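The values are calculated or read from the model by the stated rules, or taken from the named source; none is laboratory data. Note that the structure is a prediction, hence the values are computed from the model and not measured. Because the Cβ atoms are built from the backbone with ideal geometry, glycine has one as well, and the counts that use them run over all protein chains shown. The protein model used for the area step is the full one, side chains on, heavy atoms only, and it has no ligands, DNA or RNA in it. Shrake-Rupley method; radii C 1.70, N 1.55, O 1.52, S 1.80 Å.
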Amino acid sequence: MAASLTPDRPLELCAFWVGSAVYAIDVARVDEVLPRVVPLPVPGLPEHVEGVVHLQGATVPIVDLRRLLPAGTPPRTAKPKVVVAWLGRRRVGLRVDGLAGVQQFHEQDVAPPAQGEPGPVIGAVESREGPWRLLDVRALLRRAPA
Amino acid sequence: MGSLEAALAAFRYHPEEDVGGLIELPQSPLEPEPAARGEDVQLLAFALGSDEYAVPLTTVTEILRARRLTEIPRARPPLLGILNLRGTITPVYDPCVRLGRPTEPGPRAGPDAPPAARPVRILVLRTLLGPAGLWVDRVRGVQRVRPEHLERPPSGPTGGVMGVIRQGGGAPRTVVDPEWLLR
């Protein structure tokens with residue numbers, strides 16, 4: 001994967017709480033954010049997949065990120081949401097503890113991940129409210145226990 | 001920081017990115033037929049009041065004449081009552097509630113319910129949670145449409161609408177997601 005070195009390339013992030021940490025994904029990945037989602041249970045799913053919902057005629061699985069990332073207590077103001085994210089040409093719903101905001105950074109703002117971060121965290125940026133951990137959703141779901 | 005560059009390239013969304021090896025999810029039996037194959041979409045058309053609706057035909061298992069439902073104490077809309085369908089307890093729902101249409105006053109289950117009008121039917125749908133009934137005013141029949149005649153809504157919250165058909169100069173027909181009507 002040969003990426004050209006463009007340190008001031010903008011990086012727009014959508015951040016959300018999972019446990020006591022804030023994770024961020026590329027805002028282009030976000031399709032929509034749903035306030036209340038009741039997935040239909042489907043037998044035989046892995047533990048971290050709650051079920052599926054039908055969105056515009058497509059079946060979208062709902063993955064509970066709280067089962068895949070370190071536990072913790074989110075701030076009391078956080079309201080649980082489902083972030084519908086694009087993975088290639090399909091979508092997956094990510095259940096999170098709350099939204100933390102959208103903010104623009106540059107690639108040069110990204111610091112390598114701290115020691116002890118979960119594997120799919122590729123780095124971190126310092127936002128106004130504290131560190132946002134850049135989460136590689138594909139790596140997270142690929143790594144997820146089957 | 002070559003590795004960080006590569007990680008950032010993987011982090012950014014790209015529609016053609018490799019999603020192999022990701023969680024495999026069972027396809028829902030209610031998944032609409034892929035329109036890409038160019039086959040006609042078959043719909044079961046029905047009416048509620050003066051408005052025309054349809055659901056994908058693959059989700060409908062049978063059509064019943066309206067019959068007296070068994071009431072459930074303190075049942076809340078859209079649940080009307082239950083039906084014993086050859087030994088399978090089938091809940092019956094009022095689609096008007098989710099569609100924001102006015103609902104008929106008065107009970108529709110139990111001994112006090114008035115007999116339904118002659119054209120009223122119950123569509124028995126196959127859902128992920130078992131059979132469910134949909135109380136409709138009139139069944140129009142099966143309609144085949146070319147996928148390109150099904151106007152799909154833009155992405156975003158669509159309120160359960162899978163598309164709209166405008167054909168033959170008649171009233172537009174709204175294709176709704178049956179799962180959404182029951183929720």
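Of the accessible area of segment A:101-144, with the probe set at 1.4 angstrom, what percent is carbon plus sulfur?
Carbon and sulfur atoms account for 46 percent of the accessible area of segment A:101-144.
Take the solvent-accessible surface of the protein heavy atoms, probe 1.4 Å, and return the percent of it on segment B:93-183 that carbon and sulfur atoms account for. Can you show the working numbers first?
On the way: 2450 of 4720 Å².
Carbon and sulfur together cover 52 percent of it.
List the residues of segment B:110-156 that lose 20 Å² or more of accessible area once all protein chains are present, compared with their chain alone (1.4 Å probe, heavy atoms only, no ligands or nucleic acids).
B:LEU128, B:LEU129, B:SER155, B:GLY156
Ignoring everything but the protein chains, give the 1.4 Å probe accessible area of A:SER127 in square angstrom, nearest 10.
10 Å²
Excluding the sites themselves, what is the longest stretch of chain A that contains no trypsin sites (Lys or Arg not before Pro) in a DSSP loop with at most 16 other C-beta atoms within 10 Å?
A:37-75
Wrap a convex hull around the Cα atoms of segment B:39-95, take a quarter of its surface area, and give that in square nanometres.
5.3 nm²
In the calculated pair distance distribution of the protein assembly as shown, what percentage of Cα-Cα distances lie above 30 Å?
The proportion of pairs with Cα distances above 30 Å equals 46 percent.
Kindly compute the accessible surface that chains A and B hide from a 1.4 Å probe when together, both sides summed, and give it to the nearest 100 Å².
Counting protein atoms only, the buried area is about 3800 Å².
How high is the relative contact order of chain A? Use alpha-carbon pairs under 8 Å, at least six apart in sequence, and give a whole percent. All intermediate terms of the calculation are to be shown ahead of the outcome.
On the way: 295 pairs, mean separation 41.7, N = 146.
Rounded, it is 29 percent for chain A.
Express the accessible area of segment B:40-183 per residue in Å², computed with a 1.4 Å probe while the remaining protein chains stay in the model.
Values: 7540 Å² over 144 residues.
Value returned for segment B:40-183: 52 Å² of accessible area per residue.
Which value, in Å² rounded to 10, gives the accessible area of A:ILE25 with a 1.4 Å probe and all protein chains present?
Per-residue accessible area (A:ILE25): approximately 0 Å².
Can you give the average number of partner chain beta-carbon atoms within 10 Å of each beta-carbon in peptide B:12-20, as a whole number? Can you show the working numbers first?
Details: counts 9, 12, 5, 5, 2, 6, 4, 9, 3.
Counting Cβ atoms of other protein chains within 10 Å of each residue's Cβ and averaging gives 6.
If you average over every viewing direction, what projected area does the convex hull of the Cα atoms of segment A:19-119 give, in nm²?
Working: hull surface 31.5 nm².
Averaging across all directions leaves 7.9 nm² for the Cα convex hull.
Note down the accessible area of A:VAL42, probe 1.4 Å, to the nearest 10 Å².
A:VAL42 has an accessible surface of roughly 30 Å² with all protein chains in place.
With Cβ to Cβ distances under 11 Å as the rule, what net charge do the other residues near A:PRO113 carry (K, R +1; D, E -1)?
Combined, the nearby Lys, Arg, Asp and Glu give -1.
With N set to the number of residues, divide the alpha-carbon radius of gyration of chain B by 2.2 N^0.38 Å and report two decimals.
Working: Rg = 20.6 Å, N = 183, 2.2 N^0.38 = 15.9 Å.
Working it through for chain B, the quotient is 1.29.
Take every DSSP beta bridge with both residues inside chain A and express the antiparallel ones as a percent of the total, to the nearest 5.
Taking every DSSP beta bridge within chain A, about 90 percent pair in antiparallel fashion.
How big is the gap, in Å, between the Cα center of segment A:32-60 and the Cα center of segment A:102-146?
25 Å
Mind checking which of A:ALA114, A:LEU99, A:SER127 is farthest towards the positive end of segment A:69-146's charge dipole, using Cβ charges of +1 (Lys, Arg) and -1 (Asp, Glu) about the Cα centre?
In segment A:69-146, that residue is A:LEU99.
Under a 1.4 Å probe, what is the accessible area of segment A:55-146 per residue, stated in Å²?
48 Å²
Which of B:THR103, B:PRO147, B:LEU64 sits farthest toward the positive end of the charge dipole of segment B:38-183, with +1 on the Cβ of Lys and Arg and -1 on the Cβ of Asp and Glu?
B:LEU64
If I fit a long axis through the Cα atoms of helix B:2-11 and take the longest principal axis of the Cα atoms of chain B, what angle between them do I get, 0 to 90°, rounded to 10?
It works out to around 20 degrees.
What does the extension gain come out to for A:ASP8 and A:GLU32, with contour length at 0.36 nm per residue minus their alpha carbon separation?
5.9 nm
Could you tally the net charge around B:PRO111, taking each other residue with its Cβ under 11 Å from the Cβ of B:PRO111, Lys/Arg +1 and Asp/Glu -1? Don't skip to the end; give the middle numbers.
Numbers: positive: B:ARG68; negative: B:GLU71, B:ASP112.
Local net charge: -1.
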